[in-house]
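Below is one structure, written out as structure tokens; comments come after it.
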Amino acid sequence: MTDLRSSDPLDQPPVMARQGLFGQCGFSENCRMLAALLPGVREIRTPLAVGYTWLVVLWLAVGHRVPEPGNARGVLSDLYRLAHAVGLVAVGIAVSVIAYLVGVIATRLGLSVTYAVGAALRRTPIAPVTPGDRRENQGDEALGDAVVSRLAERFSHDAVFRSQLLDQLLADPPADLPARTKAEWETHALTRGWTRHWLVRQVVDAETLADQLKADRYDIILRLRGSAEPVALEHDRLQSEADFRIAMFGPLAAACVVLAVRWTPWCLLALPFLIVLIYVGVAARTEAEQGVAWALAAGQVNDPSLARLDAIPVPLRAGGSTVISSDSSADVYGPGDPDDTPATPG
């Protein structure tokens, strides 16, 4: 028999329609609540996990010396009676609170010691193999890209800035620079994005500007967190992952040592593998910092520290001269290669 009922949602009975609507709204609301809770969960995850691990290590080290409830005396006997009186749930809550407090202290100490040791190792001949050296190099490179991208935009709409960069390029040209006039270079750079970036890298001391931006990195991150941008949420996620991985190295390494003393020395063979935790932790922190720098370069975040590059004098590579800022209008230029990114006059 043919079912004559319509499949159109608008023809459904009112109760069914309301249930579908409320179900969708409830699902979306739950997703928003979950997204709001995740940062808080990440905040307590690391100290709680680190604290519990240290408590396990402590139990492995001295637990065999703790007397049984029937043989306990003094304060220990009182603790056994208290645990029996309040029940397992209350004991679990108390242990979790202790683990969290231990984890808060241990996490901060562990991260501080790890970064201090890393900074000391970067001043030795083994610096190239340390994770912190790679983090610094990649972070500086990402900030340099952000500076070059911003100055390339300034090149497009600031005629005085553009003219002085071109004068500097022709006054101190690279060995393999093609023979073009200033006007030809200007048209070529305005119609090709990669040429603008190359020209800025050749003329401007982008490393010095990147160092200035690096000094403002902490303030940039704080301003991002206040804006609740997706970039800030992703940065917090990666930063939490980095802290978790690095902070877990200390208690796990201590567990290996305790097991090596109480069980078998073969447990010490796990220590080199635990060092990988530090590498992957620093890699997550590097990715977090690169994400902020790439967002700055892509214009997803217009931070005041980067916006200053639109007006401040810019150091050049040759002679330490500076380019004076200008608010002049952009020049008119002809069409460029369709495969390249054209400049947008401001």
Yes or no: residue 123 among the charged types (D, E, K, R) and in a helix (DSSP H, G or I)? no
If you scan region 299-314, which residues turn out to be open to solvent by 70 Å² or more (accessible area, probe 1.4 Å) and outside any helix (DSSP H, G or I)? 300, 302, 313
Residue 127, sole failed condition from (1) among the aliphatic types (A, V, I, L, M); (2) at pLDDT below 80; (3) within 33 Å of the chain's Cα centre (by Cα): (2)
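What residue, among those in region 174-219 that are among the acidic types (Asp, Glu) and touching a helix residue (DSSP H, G or I) at 6+ places or on another chain (Cβ under 9 Å), is farthest from residue 143 (Cα to Cα)? Outline the logic, then answer.
Going residue by residue through region 174-219, those that are among the acidic types (Asp, Glu) are 176, 184, 186, 205, 207, 211, 216, 219.
If we keep only those that are touching a helix residue (DSSP H, G or I) at 6+ places or on another chain (Cβ under 9 Å) too, we end up with 186, 207, 211, 216, 219.
Working: 186: 26, 207: 9, 211: 8, 216: 11, 219: 14 Å.
Ranking the candidates gives 186 first.
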Could you list, ordered by first residue, the pairs with Cβ atoms under 9 Å in which the first is in region 277-293 and open to solvent by 30 Å² or more (accessible area, probe 1.4 Å) and the second is aliphatic (A, V, I, L, M) and outside any helix (DSSP H, G or I), at least 6 apart or interchain? 277/248
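Hey, among 81, 108, which residue is basic (Lys, Arg), in a helix (DSSP H, G or I) and under 30 Å from residue 260 (Cβ atoms)?
108
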Condition first: of a type in the set (S, T, N, Q) and surrounded by 17 or more Cβ atoms within 10 Å (Cβ to Cβ). Now tell me which residues in region 216-265 satisfy that. 239, 240
Restricting to region 99-140, what's the tally of residues that are within 27 Å of residue 292 (Cβ to Cβ) and either open to solvent by 80 Å² or more (accessible area, probe 1.4 Å) or among the hydrophobic types (A, V, I, L, M, F, W, C) (or both)? 16
Among residues of region 217-233 being charged (D, E, K, R) and either modelled with pLDDT of 75 or more or assigned to a helix (DSSP H, G or I) (or both), the residue farthest from residue 144 (Cα to Cα) is 225
Condition test on residue 282, is it within 30 Å of residue 155 (Cβ to Cβ) and of a type in the set (Val, Ile, Thr)? no
Could you identify the single residue in 153, 184 that is surrounded by 14 or more Cβ atoms within 10 Å (Cβ to Cβ) and assigned to a helix (DSSP H, G or I)? 153
Name the single residue that is nearest to residue 315 (Cα to Cα) among those in region 158-181 being open to solvent by 50 Å² or more (accessible area, probe 1.4 Å) and in a helix (DSSP H, G or I). 164
For region 87-96, state whether one or more residues are part of a helix (DSSP H, G or I), under 44 Å from the mean Cα position of the chain (by Cα) and closer than 22 Å to residue 249 by Cα. yes
Positions within region 187-215 being open to solvent by 30 Å² or more (accessible area, probe 1.4 Å) and touching a Phe, Trp or Tyr at 6+ places or on another chain (Cβ under 6 Å), in sequence order: 187
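The values are calculated or read from the model by the stated rules, or taken from the named source; none is laboratory data. Bear in mind the structure is a predicted one, so any value in this text is a computation, not a measurement. Neighbour counts run over all protein chains shown; Cβ positions are idealised from the backbone, glycine included. Ligands, DNA and RNA are stripped out before the accessible areas are found, and what is left, the full protein with its side chains, is counted by its heavy atoms. Shrake-Rupley method; radii C 1.70, N 1.55, O 1.52, S 1.80 Å.
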